[in-house]
1. Return the residues of the range A:77-119 for which accessible area with all protein chains present is lower than in the chain on its own by 50 Å² or more; set the probe to 1.4 Å and exclude ligands, DNA and RNA.
2. Would you be so kind as to list the residues of the range A:1-47 that have their accessible area lowered by at least 30 Å² in the full protein complex compared with their chain by itself (1.4 Å probe)?
3. With a 1.4 Å probe, what is the total accessible area buried between chains A and B, in Å² rounded to the nearest 100?
4. Residues with amide H under 5 Å of B:F49's amide H, sequence separation 5 or more or different chain, H placed in the peptide plane at 1.01 Å from N; which?
5. In nm, one decimal, shortest first: how far is the label point of B:R48 (7 Å from Cα along Cα to beta carbon) from the matching points in the other copies?
6. If you roll a 1.4 Å probe over the range A:2-130 with all protein chains in place, what percent of the accessible area is carbon or sulfur?
7. Filter the cross-link list A:K65/B:K125; A:K65/A:K125; B:K66/B:K125; A:K141/B:K57 down to pairs whose alpha-carbon distance in this structure exceeds 23 Å.
8. Please build a GNM for chain B, connecting alpha carbons under 10 Å apart, and tell me which residue among B:P51, B:P135, B:P63 fluctuates the most.
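The values are calculated or read from the model by the stated rules, or taken from the named source; none is laboratory data. The model shown is predicted, which means the values in this text are computed figures rather than measured ones. Positions of Cβ are backbone-derived with ideal geometry, glycine not excepted, and every protein chain shown enters the neighbour counts. With ligands, DNA and RNA removed, areas are computed over all heavy atoms of the protein, side chains included. Shrake-Rupley method; radii C 1.70, N 1.55, O 1.52, S 1.80 Å.
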Number of protein chains: 2
Amino acid sequence: MVDILHRVGVISSVDEVYTALTTIDGLAGWWASNTAGNADEGGVIEFRFGPGGFDMKVTELDPGKKVVWEVVDGPEEWIGTEISWELKQSDDFAIILFAHRGWREEVEFMYHCSTKWATFLMSLKSLIETGSGAPDPRDVKISDWH
Amino acid sequence: MVDILHRVGVISSVDEVYTALTTIDGLAGWWASNTAGNADEGGVIEFRFGPGGFDMKVTELDPGKKVVWEVVDGPEEWIGTEISWELKQSDDFAIILFAHRGWREEVEFMYHCSTKWATFLMSLKSLIETGSGAPDPRDVKISDWH
């Protein structure tokens, strides 16, 4: 069992980050422009990218502190994995501890997703700090796999 | 035991990427401007950043295919860990499979290093594709921990 982990700090409040993680508009601003669904606890959020997408069930919401999603549809390697966002304030920074856990194998796609998550976290940071993120389809391209 | 994994594709040949990983000038162009030491197999490369640095022993060099370093000095969490770079050509892309293995615990510093490695891999990609990387001290800042 292997995990993808990341940490970024956003010059903002944890509440602002929480909003960007728990509203359709917020999510569309840094991850997938084409995002729809129900972002409430128990709801399913549908993220759509060029080649496919992910459906995430919102399994935990703790305002300003934590968000957890379970992947209920998408690439086979993702189904059943869990994505969690822990937030804490450290002076001027809202610190995000991100984890994508439950990968069954260290497949090459996991290496790709790890790097891609980092660029999307930087997109989230940019969205909040500057008002402009880089969600799909204008996301940062990292390789032949986009 | 937890690992940091990343995958990027550079529009170039594996030989160009290999040079950027195995020469002092190459390394200084994308990771730490202040890099010195001996980049030959068995040698120790000294990377210096503002707050400190890393000494890496070069334990394996396979031209155009693989580079492995062992961390022999630096932050306590890094000592004894291993950093490997596997290269392969995929059409126009030199694919890098990066791994930083042997972390003893999922400490918060590991989350940070995972994201920071991603930004330095993008710096390496940029160095080769555009001639300009973002090594320390003009590296991309990701948080209160730089």
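1. By number: A:E106, A:E108, A:Y111, A:T115.
2. Listed by number, the residues meeting the 30 Å² cut-off are A:D3, A:L5, A:H6, A:R7.
3. Buried surface at the A/B interface: approximately 2600 Å².
4. B:F54
5. Label-point distances to the other copies, shortest first: 5.5 nm.
6. Values: 2350 of 5050 Å².
On the range A:2-130, the fraction of accessible area on carbon and sulfur atoms equals 47 percent.
7. A:K65/B:K125; A:K141/B:K57
8. Sorting by GNM fluctuation, first place goes to B:P51.
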